[in-house]
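Beneath this line is the structure, given in structure tokens, with notes to follow.
The values are calculated or read from the model by the stated rules, or taken from the named source; none is laboratory data. None of these values were measured; they are calculated from a predicted model. All Cβ positions, glycine included, derive from the backbone under ideal geometry; neighbour counts span all protein chains shown.
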Amino acid sequence: MVVVREFATSPIVRAVNRVGYMLCAAGVVMLAACGGDDVDVAPTTTAVVVTTVPPVNETTTTVSFTEISEAVFAAMSDGSAEALASVIGVVTPGSPADIAVRHQIKVAELAAIAEDEIAAVPTTTSTTAEVGSTTSTMTAPETMSTAVEGCESTNTCTVYGTPVFDDEGGLRSFSVNGVPLEQVVIGPGPLSVAEMVQARVVSAYRAPSGVTAVLVSVTAADEALTIFGFAAIHRPLTSADLQPVETLGSWGADQIAAGQSGETLLVFPDTTLDGDVVLTVVTSSSIDLELKLALITP
């Protein structure tokens, strides 16, 4: 059994702290960026003294792939906004892993605000690690065995594995119950505009249960808006009957002031991650607008 270590004390944090120390020791040029007092700019007639700092006599800490993937998988299993936010720095910006982590952060935040359970939040602890493909020069990933508490009795585990890293060592992708992340997460989608009201899919995630959670951003024009999230429908492209799917519920913004933006989470039952979502909003002057939001990554 592998015990997932607290990420705050992992070698990742120690490595980042060490790099910050070395940068701050590099000379007065870095003083302002490292939190020192303000330094007046010297007159152009003043000679510049260059100080050579001797190299630090210690071994640089190497963060293994296993440390990174272990931390991200543990955060995804935990499902809390705090745990997920702690691993943002080790995923590739804009990658499927980044989209998935940020999506789950928002889901967790909305669930906490509503004091409600959202189907897109993990309900069982689960984590695994498999040898992942990589082109990075970092230490090769290690194979681990895991035991997931409660999975045997519930049979509803979500298993994360097959980590894939970028050239810089950031986690770019992984699998969810054996399915590549690219097949279960998308975002952001193209912009949709109706009467100057703008909206788009920020991200969408199809959980192993089949539930699809769609995070939508809406921006009002010169009138306030009311969002009828409970009336949203998903129109899939690849389902057997191609019938519209009604939402299980919505969380987040339902009132948006003029010129402001808000985000709403729409959750749909067993459905595909394609087609579009139709969202109805009503302006303060009682004008109904229908926004068609594509479930694709532009």
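Just wondering, is there one or more residues in the range 139-148 that are modelled with pLDDT under 55 and in contact with a Pro (Cβ under 9 Å, 6 or more places away or on another chain)?
yes
For the range 193-229: of the residues being under 14 Å from Leu265 (Cβ atoms) and of a type in the set (Gly, Ala, Ser), which is farthest from the chain's Cα centre (by Cα)?
Per the stated criteria, the residue is Gly229.
Quick one: count up the residues across the range 206-237 that are at pLDDT below 95 and either outside the structural domain of Ile287 (by TED's automatic domain parsing) or aromatic (Phe, Trp, Tyr) (or both).
Total satisfying the criteria: 1.
Can you pull out the residues in the range 267-298 that are free of Cβ contacts under 8 Å to residues at least 24 places away in the same chain and assigned to a strand (DSSP E or B)?
Asp288
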